[in-house]
Structure formats: structure tokens, C-alpha cells
Amino acid sequence: MSKVVIIGPAHPLRGGLASFNERLARQFTSEGNEVIIYTFSLQYPGFLFPGTTQYSTEPAPKDVAIKVRINSVNPLNWLAVGNELKRVKPDLIVVRYWLPFMGPSLGTILRIVKKNRHTKVVCIADNIKPHEKRAGDTAFTAYFVKPIDAFVTMSEKVMKDLKSITQKPAQQVVHPLYDNFGEALPKNEARKQLGLNADDKIILFFGFIRQYKGLDLLLKAMALPDLRSSGIKLLIAGEFYEDRKIYDELIAQNDLSSQLILRTDFIPDSEVRYYLSAADFVIQPYRNATQSGVTPLAYHFEKPMLVTNVGGLPDLVPNGQVGLVSEPTPASLAANILKMYELGENHFLPHLRIEKKKYSWNNLTGTIIRLISK
């Protein structure tokens with residue numbers, strides 16, 4: 001049995017990274033390891049967090065050990081946590097890296113831990129170059145990278161960015177399935193739970209709303225004549241992580257209200273399966289992307305996807321099989337949404353069920369173990 005520490009968001013923090021880390025902890029535990037997650041007592045200062053709250057309203061998981069320890073802006077805390085982990089002497093630390101702002105705190109903690117000359121550190125890199133650039137990004141990332149022994153990425157884009165700054169061992173894996181939100185429900189049952197019409201054609205935009213995710217492009221697509229007259233409704237399920245004014249103006253200017261179902265509060269984990277089960281198709285109209293946590297979520301619930309031809313998104317969605325690949329323009333989005341309905345859900349389901357078998361959690365843990373065993 002190995003002693004494994006995961007450093008990154010977890011309960012009481014909310015969101016995709018927290019869900020991922022808790023599911024990863026369960027996988028390592030199921031393989032016979034002793035696992036603890038070290039999460040943040042303060043993850044972001046207010047100016048960096050655009051949502052309403054960083055904290056979950058869900059109960060804490062009973063099967064995952066979580067220590068709320070790390071303050072991202074307090075150097076004295078970094079020293080204390082580093083020395084604590086140095087004494088704990090884990091065999092393996094798995095650290096998440098998604099934002100250069102975390103470079104100083106995590107880089108300092110890991111430098112101290114590595115002084116025990118025992119612990120190996122593997123980074124799961126969600127981003128190396130952030131979607132929204134800020135001063136200090138390059139220096140913070142360079143500082144973070146130094147104490148890392150090996151990296152795992154989940155897209156070719158992040159691997160390319162990583163190789164431009166370090167030649168340390170790295171392996172690309174597919175993002176495992178988000179299978180921790182429960183099983184799919186019959187579509188009618190899910191729609192009843194959400195108060196939606198059982199007979200409507202409903203496409204889903206799911207997740208935090210940020211500029212790079214291209215919701216504005218999708219709204220413009222919904223305003224085009226062919227899509228407007230199709231009877232298709234767009235369910236938007238996710239919290240605004242930026243000023244919603246631009247979206248409200250688009251909706252008003254194009255008279256889109258009757259085509260939209262807005263659920264723009266944070267979606268708690270316990271409700272995720274209703275939204276995915278209720279949809280006909282999942283739409284990811286991103287302007288740019290590395291990878292997306294929505295893709296493995298759609299795989300788990302066996303929902304065909306439309307993704308744009310950016311970043312690592314098309315790599316995970318074989319065109320014409322588990323979904324369609326569109327250009328990131330309103331016209332292309334509209335045409336491909338209509339094409340998905342022409343083909344029908346049953347066209348995609350056999351391919352989805354085959355393709356999803358690649359997305360296992362033991363593939364990820366096995367890759368991590370192999371990297372530190374070399």
C-alpha cells in the first residue's frame with residue numbers, strides 16, 4: 001500500500017476540479033492506497049473569482065479524507081503546509097495545475113516536501129498557458145514546474161504547451177468519465193424533474209459561462225432563420241463567470257427568449273444527471289479550448305455532442321460517430337445542430353458506447369504510477 005496525497009480543490013469547494021479530485025481519490029483508494037486530499041482554505045481572492053460563491057452546498061463526501069489546509073495567498077501557510085507534508089512523507093503527491101496564480105503557493109509547498117528525498121510528484125496539468133492571460137503567468141508557471149517529477153496532460157494542446165517549457169517526463173491520457181454523478185435517467189423522467197416539456201427538442205449548453213466557451217456564438221446561431229424555425233430549444237445550465245450583460249443584450253436584440261430555457265445558477269452535483277439526461281444533444285461552442293470536462297460527462301450519460309474544431313475538443317469526439325465537429329461560427333453551429341437532429345440520437349449511440357470504454361479511471365492512475373516508476 002502506498003501513501004498518496006492529492007493537492008487541489010475538493011469539498012467544501014465546488015466545481016469540476018473538486019469532483020475530479022474526489023473521484024481520483026476513490027480510484028486510488030480502490031487500488032489499495034491510503035489517500036488524503038489537501039485542499040484550499042482560501043482558493044481565490046475575491047478579484048479572481050467571478051462566480052457567486054466558491055463553496056458547495058452539498059454534504060461532504062464520507063468516503064474521501066480531505067484536509068482543508070492551503071491558503072493560496074499566505075506565504076507563511078505555504079511553509080507550514082510544506083513542512084507538514086514533508087513530515088507525512090507520502091510516496092506520491094498528485095497536484096493539479098490549472099491557473100498560473102497557483103504557481104507560487106503550490107511551487108513553494110512542493111519544494112519543501114521534496115527535501116524529504118522520498119516523495120515523488122506528478123502534476124495533472126489542465127492548462128499550462130491560461131485562457132485569460134495575466135502578468136506573471138510565465139514566471140509563476142516556471143516556478144511551479146521545477147519540483148515536479150512528471151506530468152500528465154489530457155489534451156495534445158496542453159502537451160505541446162508543456163513541451164515548450166520543460167522536457168520532464170509527460171504522458172497524455174484521455175479525461176476519465178465523470179461517473180460520480182449517478183446513472184442516467186429516462187429522458188421523460190429527467191424533464192419532469194426539471195419542469196421541461198417531454199416533447200420539446202432540447203439541446204444543452206452546460207457549465208460555467210465564460211467568454212472562451214462561445215455561448216454568444218451559440219445564441220447567434222439560435223437566431224438564424226433555419227434554427228429559429230426548427231422548434232429547437234437551448235437549455236443553458238450553468239453560472240455566469242463574467243458579466244452577463246452581453247448575453248442578456250444578445251437575447252433581447254434577437255428576441256430569443258422563447259427559444260431558451262435559462263438555469264443560470266450553479267448546478268449542484270446532485271442535479272447534474274437531470275440536465276444531462278434531459279437533453280437530446282450537448283453543444284460545446286468553444287472559441288478555444290485545451291480539453292473540456294463536459295465531454296467525459298456527456299460520454300457517461302451517452303449524449304451525442306457537437307464540439308467546435310478548436311484545441312483538443314475534436315480529438316475526443318470522432319466526427320459523425322459520437323457527435324459532430326463544427327467551426328466556431330454561428331452558421332456552422334446552426335447547420336450542424338440541424339444535422340444532428342436529421343441523423344438522430346440512435347445514429348450516435350452505438351459509437352458512444354464503444355468509445356466511452358477508453359475513458360477509465362484506472363488508465364489515469366496506471367499512467368501516474370508508471371511515470372514515477374521509470
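Values quoted throughout were computed directly from the atomic coordinates according to the rules given, and no laboratory measurement underlies them. In this text, all values refer to a predicted model and were calculated from it rather than measured experimentally. No Cβ is skipped: glycine too gets one built from the backbone with ideal geometry, and neighbour counts run over all protein chains shown.
As I understand it, the dipole of the range 260-314 uses +1 on the Cβ of Lys and Arg and -1 on the Cβ of Asp and Glu, about the Cα centre. Which of 308, 261, 278 lies farthest toward its positive end?
Toward the positive end, the furthest listed residue is 308.
Hey, what number do you get for the chain at 222 nm if only DSSP H runs of n ≥ 4 count, each worth -39500 (n - 2.57), divided across all residues, to the nearest 500?
Mean residue ellipticity, 222 nm, calculated: -11000 deg cm²/dmol.
In whole angstrom, how far apart do the alpha carbon centroids of the range 293-308 and the range 91-115 sit?
31 Å
Tell me the Kirkwood hydrodynamic radius of the range 198-244 in angstroms, computed as one over the mean inverse distance between distinct C-alpha pairs.
Result for the range 198-244 stands at 11.6 Å.
Just subtract the alpha-carbon distance of residue 264 and residue 211 from 0.36 nm times their residue separation and send over the number in nm, one decimal.
17.6 nm
Of the listed peptides 247-254, 9-16, 365-372, what is their order by residue-averaged count of other C-beta atoms within 10 Å, with the highest listed first?
The packing order, highest mean first, is 9-16, 365-372, 247-254.
For residue 41 and residue 146, FRET efficiency with R0 = 25 Å and r from the beta-carbon atoms, rounded to 0.05?
About 0.50, to the nearest 0.05.
How much length would be gained if the chain were fully extended between residue 321 and residue 139, taking 0.36 nm per residue of separation minus their Cα-Cα distance, in nm to one decimal?
61.3 nm
Which residues' amide hydrogens lie under 5 Å from the amide hydrogen of residue 172, considering only partners 5 or more residues apart or on another chain, with H built in the peptide plane?
153
Can you sort 232, 337 so the residue with the fewest Cβ neighbours within 10 Å comes first?
232, 337
I need two numbers for the range 187-358: Rg to one decimal and Dmax as a whole number, Cα atoms only, in Å.
14.7, 44
Compute the FRET efficiency between residue 164 and residue 71 as 1/(1 + (r/R0)^6), taking r as their Cβ-Cβ distance and R0 = 30 Å, and round to the nearest 0.05.
The value I calculate is 0.45.
Could you give the length gained on full extension between residue 117 and residue 252, defined as 0.36 nm per residue of separation minus the Cα-Cα distance, in nm?
42.5 nm
Would you order 326, 257, 41 from fewest to most other beta-carbon atoms within 10 Å of each residue's own beta-carbon?
So the residues, fewest neighbours to most, are 257, 41, 326.
Test of understanding: in a Gaussian network model of the chain with alpha carbons linked when under 10 Å, which of 203, 37, 261 would top the mean-square fluctuation ranking?
In the Gaussian network model the winner is 261.
When the Karplus curve 6.51 cos²θ - 1.76 cosθ + 1.60 is applied with θ = phi - 60°, which whole-Hz ³J(HN,Hα) does each residue of the range 344-352 get, with x for Gly and Pro?
Rounded to whole hertz, the list is x, 4, 5, 5, 8, 4, x, 5, 4.
If contacts are Cα pairs under 8 angstrom and at least 6 residues apart, what is the relative contact order of the chain in percent?
Contact order relative to length: 15 percent.
So if we plug the beta-carbon distance of residue 357 and residue 243 into 1/(1 + (r/R0)^6) with R0 = 30 Å, what FRET efficiency do we get, rounded to 0.05?
FRET efficiency, residue 357 to residue 243: 0.15.
Which ordering of 281, 301 is given by a fewest-first count of other beta-carbon atoms within 10 Å?
The order, fewest Cβ neighbours first, is 281, 301.
Which Cα, out of 148, 219, 230, lies furthest along the positive dipole direction of the chain (beta carbon charges, K/R +1, D/E -1)?
148
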